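Asker: Here it is: the structure, laid out below.
The values are calculated or read from the model by the stated rules, or taken from the named source; none is laboratory data. All values derive from a computational prediction rather than experimental measurement. Cβ atoms come from the backbone with ideal geometry, glycine included; neighbour counts cover every protein chain shown.
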Amino acid sequence: MEVTPRKNKKTNQVEPFDRMLRRFKKSCERAGIVQEVRDRKYYIKPATIRNEKNQRLKRRKKLDLLKSQNKGYRKVR
C-alpha cells in the first residue's frame, strides 16, 4: 500500500507527515489488513470456528424468540 504526500496547489506546500500517516492507517484499515493480521495471530481450528458460529446463531434465535413473546407486554417499573 502506497501513500504519496499531497501538494497544495495554491501554496505548493507538501502535506504534513502526521496527516499522511493518518491517511495510510485509514487506508490499511479499510482494506482489512489490520483485521487480517489480528485474525492470523493465533490459529483457531475450523471446528472451533463452526462451534462459535453455531452458538451465536442459537443465542440470536433464543433472543428473537423472547423478544417476540414479550412484544405485547409493557415493562412496569
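Asker: Based on what the data block shows, is residue 54 modelled with pLDDT under 90 and surrounded by 10 or more Cβ atoms within 10 Å (Cβ to Cβ)?
Answerer: So residue 54 fails the test.
Condition check ((1) exposed (fewer than 10 other Cβ atoms within 10 Å of the Cβ); (2) among the acidic types (Asp, Glu); (3) at positive phi) across all residues:
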{"residue": "2", "(1), (2), (3)": "yes, yes, no"}
{"residue": "8", "(1), (2), (3)": "yes, no, no"}
{"residue": "25", "(1), (2), (3)": "no, no, no"}
{"residue": "37", "(1), (2), (3)": "no, no, no"}
{"residue": "59", "(1), (2), (3)": "no, no, no"}
{"residue": "67", "(1), (2), (3)": "yes, no, no"}
